[in-house]
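S.K.: The structure that follows is given in the form of structure tokens.
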Amino acid sequence: MRRWGQADAYALIGAIAATAVALLAKHGVRVLPGTVVLLAAGWSFVDSHSFWPRGVWTMLGFALHFALLAWGTAGRDRFGEAAMLPRRPAGNHETGE
């Protein structure tokens, strides 16, 4: 059973790298700090999972990554209401107006 868990952890590291490549094209180097943190946490996740003490630091690394990734992909609006508003008016779909 341990092998499946390790395979999943390695798949997570691959997904982290793929996500970084996809976001790098749109958001530039701002996604790299979060990617570095998450790659380190992903590597630690292979054998520590969430067990004390290293696993706890691994989980905190994941949390830090998500905060850095949100910052890196937020653009100029930076979590304001403008980011929640539609970019263009919805219009009337029946008439095309």
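S.K.: Can you bin the range 1-43 into rounded, prolate or oblate? Criterion: square roots of the alpha carbon gyration tensor eigenvalues sorted a ≥ b ≥ c, rounded for a/c under 1.5, prolate for a/b above b/c, oblate for the rest.
M.R.: Cα axes put the range 1-43 in the oblate bin.
S.K.: If you don't mind, another one. Applying the Karplus parametrisation 6.51 cos²θ - 1.76 cosθ + 1.60 with θ = phi - 60° to the phi angles of the range 28-37, what ³J(HN,Hα) value in whole Hz is obtained for each residue in order, glycine and proline being reported as x?
M.R.: x, 5, 5, 8, 5, x, x, 5, 4, 4
S.K.: Sequence-distant or interchain residues sharing an amide H contact under 5 Å with HIS49, placed H: which?
M.R.: Hits under the 5 Å cutoff: none.
S.K.: Can you tell me the FRET efficiency between ARG54 and HIS27 if r is taken as the Cβ-Cβ distance and R0 is 22 Å, rounded to the nearest 0.05? Walk me through the numbers on the way to the answer.
M.R.: Numbers: r = 30 Å, r/R0 = 1.38.
It comes to 0.15.
Throughout, read-outs are computed from the coordinates displayed, never taken from laboratory work. Everything numeric here is computed off the predicted structure, so don't read it as measured data. Cβ sites come from the backbone with ideal geometry, for glycine too, and all protein chains shown count toward neighbours.
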